[in-house]
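The structure appears right after this line, and notes come after that.
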């Protein structure tokens, strides 16, 4: 809203579960290292589809981490969210047994919720009849499952919200958390995104839509954000959750913020269910709104973690909008070639990576980007080949989602 006072939400904890690694350190090492992606693999469930591969967190055993009984009451996206939330809370130096749970909120974004379990139970109904369908279908598949599971695991008793704005869900969840803290409704929020959609039905539909890459000969090079040879994204699973606090709450307990979120902006294209506004007007509005909210000029932005999906249309539209609003200064990257496109989780994961970039003063490379699309603006400074060290004070995270949902966050070191 015009004229409102600026507000800086302190980021005091990070938690990540991705195909690049379980935990913040493992994921950052893979993303910043710029090597060949290790998390993408073929899956029997996707056999004979034009795209038979996706990014998954291999070797992760949620039942061992959460306990078999608890794990059975969650779909995989909720399991990933709980694991990421535990890491974020521990990283923040918080003890859920000691906090005032009524002042703790949870906001988690997801595009599809428990879609794989839904698919599984649909097959059970068709093959074995209604008496064999699980009574847990609704609680395991609803989009709010991750938020509910995290609340139960942590004893968070404040507002519990689920955000579903397609691929911008995680970023919108963090923006919503920023607004909750600004309003005084809570002191602390665990927020971000979670997704796990190893679904034959979903991938088959994405193939028909020509949204996903069909570069089957070498799946590790299929996701190529901003590259001239890109032909679509590659789906991934994961969770990225952050602990956000009111600055006075963090100070009172002696916590040092890893970064702060200073601004949030969102917009709708009001144009198409499956394609962004061709002029990029929607993401431009969201970005300008976030900058105004943060009271930051475009020329002050040093780094952008872009949505960068590896689809032909998105990358062009986003690249042009970034140069229009921010000029030619920021170092731009997309980290999706290492994590996959985690859909509703992407904003949470990539905001955590943006925090790490500010901390490490390092911009990860856009893996698999060998020949930048010549239609991109000449002034778009895409980091590729290897990570780039730089003085980073202010960064932006952008997200675009099916249905025209756009969101942007502005982060600073302090």
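Full extension of the chain between residue 138 and residue 38 gives 32.6 nm of extra length, using 0.36 nm per residue less the Cα-Cα distance. Label positions at residue 386 and residue 228, each projected 7 Å from the Cα along the C-beta direction, are separated by 2.4 nm.
Taking 19 Å as the cut-off, the amide N atoms of segment 1-43 that come nearer than this to a point 7 Å along the Cα-to-beta-carbon line of residue 295 belong to 1-11.
Once the C-beta distance of residue 371 and residue 25 is scaled by a Förster radius of 41 Å, the resulting FRET efficiency is 0.80 to the nearest 0.05. Each peptide in 308-317, 382-391 gets a packing score, the mean of other Cβ atoms within 10 Å over its residues, and the list from highest to lowest is 308-317, 382-391. Here is how the number arises for the chain: DSSP H runs of 4 or more residues each give -39500 (n - 2.57), the sum is divided by the residue count, and the result at 222 nm is -10000 deg cm²/dmol. From largest to smallest, the equivalent ellipsoid semi-axes obtained for the chain from the alpha-carbon gyration tensor read 29, 28, 19 Å.
Annotation: extensible slack from residue 328 through residue 123 equals 68.6 nm (criterion: 0.36 nm per residue apart, minus Cα-Cα distance).
Restricting to segment 9-412, what percent of DSSP beta bridges are antiparallel, rounded to 5? Percentage antiparallel, nearest 5: 65.
Put in line by how crowded their Cβ is, counting other Cβ atoms within 10 Å and starting with the fewest, 200, 258 read 200, 258. For segment 1-94, the square roots of the Cα gyration tensor eigenvalues, ordered a ≥ b ≥ c, give a/c of at least 1.5 with a/b greater than b/c, which places it in the prolate category.
Given their separation in residues at 0.36 nm each and the Cα-Cα distance between them, residue 217 and residue 45 gain 60.1 nm when the chain is fully extended. Ordering of 364-370, 185-191, 24-30, 247-253 by packing is 185-191, 364-370, 24-30, 247-253, highest average first (other Cβ atoms within 10 Å, averaged per residue). Averaging the sequence gap over all C-alpha pairs within less than 8 Å and six or more residues apart, then dividing by the number of residues, gives segment 9-412 a relative contact order of 24 percent. Remark: 349, 261 ranked as 261, 349, counting other beta-carbon atoms within 10 Å and listing the fewest first.
Taken together, the values in this text are just the output of simple stated rules run on the coordinates, not laboratory data. Since we're looking at a predicted model, the values are computed, not measured. Cβ atoms come from the backbone with ideal geometry, glycine included; neighbour counts cover every protein chain shown.
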